[in-house]
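Novice: This is the structure I have questions about; it appears just below.
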Amino acid sequence: MTYTSSVRQPEPEPRPTWTRGAERPPGGQESSAVNGAANDSNVVPITAAHTTQQGVSLHADTSLPCPETAAKGKKPIPATKVRVDALRMLGCVRIATVRQMAQVITKEDADGRSYVRRAMKKLAELGLAETNGKDGRHPLWNLTPAGQKALADGNELPPRPKAGTGAKAVLAGFGSHGVAVTDMILAYGGRQHLTDWQVEVNHTIKETGLSFNTDAVLAWPTKTSEVRLFELDNGTMSQARLAKEVWDYERYAGHRVWEGARGTIGGTFPFWQRHRYTRSKTFPRLHVVLAGKEEHLLDNRRQALTADVHGIAIAVWVNTLPRLKRGEPWYEIGVDDPDRRRRRYPEPAGR
């Protein structure tokens, strides 16, 4: 059986906001990589969307000179810049290979993996980064607690409460999934707004016992929503479990809470709008990305997911990782419908 769904063209990516330099963090060995880069007038952060936008060039180049440029006797690539960019990236995505870091840190037409390898070796010597496993034959890098502290001390990233280093995930055998999540992030926009991503973001409603982690959340404010949600299936879960994970988002969106002073009529409001995404008018769109299998199998999986979530009352878009990397359209398989959600889920009792 063939299932159909509407196809959406990918939306234009937002123009990046860049700032030069970085706030100097406190002294100490574990901040040395950040300190060195902050003192280099040639350093430009990967992105700094959390800082002021005044006087900022929209066309600033954050990439390194290509290796050929350095080889011809021109100004060499600052080693501290490579290290601090690698720290920032790992602070955002948690797990990455040298290939993925080079994709962000160096120019698109340059192969800067050798620069990144030297930078990661130095960061490991400083105790700021480490490897705990491999994806095939490629080492998987993550920050150490000291590396996270260096970023926090230097105000290099927006606050990320309770963010893990990624080491436990790699040691538990989820390194390949983490690499796929990083590939998804880079395919969706990469360096343009890298520091606006967070991974493994927990969504919990204690009253109902519902709890799940979203693979990645992109802070992309619009008139109606402040973030976008991303789930990646690396081909390891059953079709039924994948569908349940998507329906969990509707259960989360449908939960309402009663508010009102004692003795008053009060009213009910969406839990997510009162306690999580308070600046959003609509529940954030869920993007589901399928990976880990041959492309024709991913297309079959997409069609099956379309049937499994038919009638869902939140906005759901689905794509495969190969299609996403090629910039091809998303498939819209769910539409936001708050009225239908309110009819579907029971109202909480007032006092």
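Novice: When only DSSP loop residues count, what trypsin sites (Lys or Arg not before Pro) in region 159-225 have their Cβ near at most 12 other Cβ atoms within 10 Å?
Specialist: Passing both the DSSP loop test and the Cβ count: Lys162, Lys206, Lys223.
Novice: Something else about it: Tell me which of Asn213, His177, Gly190 sits at the most positive position along the dipole axis of region 166-258, charges placed on C-beta atoms (Lys, Arg +1; Asp, Glu -1).
Specialist: Of the options given, the answer is Asn213.
Novice: Would you mind working out the magnitude of the charge dipole of region 180-273 relative to its Cα centre, with +1 at each Lys and Arg C-beta and -1 at each Asp and Glu C-beta, to the nearest 20 Debye?
Specialist: For region 180-273, the charge dipole is close to 300 debye.
Novice: Using a cut-off of 12 Å between beta-carbons, work out the net charge of the residues near Val170 (Lys and Arg +1, Asp and Glu -1, Val170 not included).
Specialist: +1
Novice: Next question. Shape verdict for region 208-328, please, from the Cα gyration tensor: rounded (a/c under 1.5), prolate (a/b greater than b/c) or oblate.
Specialist: prolate
Novice: Quick one: Debye curve from the C-alpha atoms of region 170-276, no solvent, what's log10 I(q)/I(0) at q = 0.16 Å⁻¹?
Specialist: -0.86
Novice: Next question. Can you tell me the dipole magnitude for region 266-338 around its Cα centre, using point charges on the Cβ only (Lys, Arg +1; Asp, Glu -1), in Debye to the nearest 20?
Specialist: Around 400 debye, computed over region 266-338.
Novice: Please state the charge dipole magnitude for region 205-351, taken about the Cα centre, from unit charges on C-beta atoms (+1 on K and R, -1 on D and E), reported in debye and rounded to the nearest 20.
Specialist: 560
Novice: Keeping all protein chains in the complex and leaving out DNA, RNA and ligands, what accessible area do you get for Glu226 with a 1.4 Å probe, in Å² to the nearest 10?
Specialist: 20
Novice: Right, here's the next one. Near Arg344, within a Cβ-to-Cβ distance under 12 Å, what is the net charge of the other residues, with Lys and Arg +1 and Asp and Glu -1?
Specialist: +2
The values are calculated or read from the model by the stated rules, or taken from the named source; none is laboratory data. Remember, predicted model here, so these are calculated numbers, not experimental data. Heads up, the Cβs are rebuilt from the backbone with ideal geometry, glycines too, and the neighbour counts pull from every protein chain shown. Heavy atoms of the whole protein, side chains included, go into the accessibility calculation; ligands, DNA and RNA do not. Shrake-Rupley method; radii C 1.70, N 1.55, O 1.52, S 1.80 Å.
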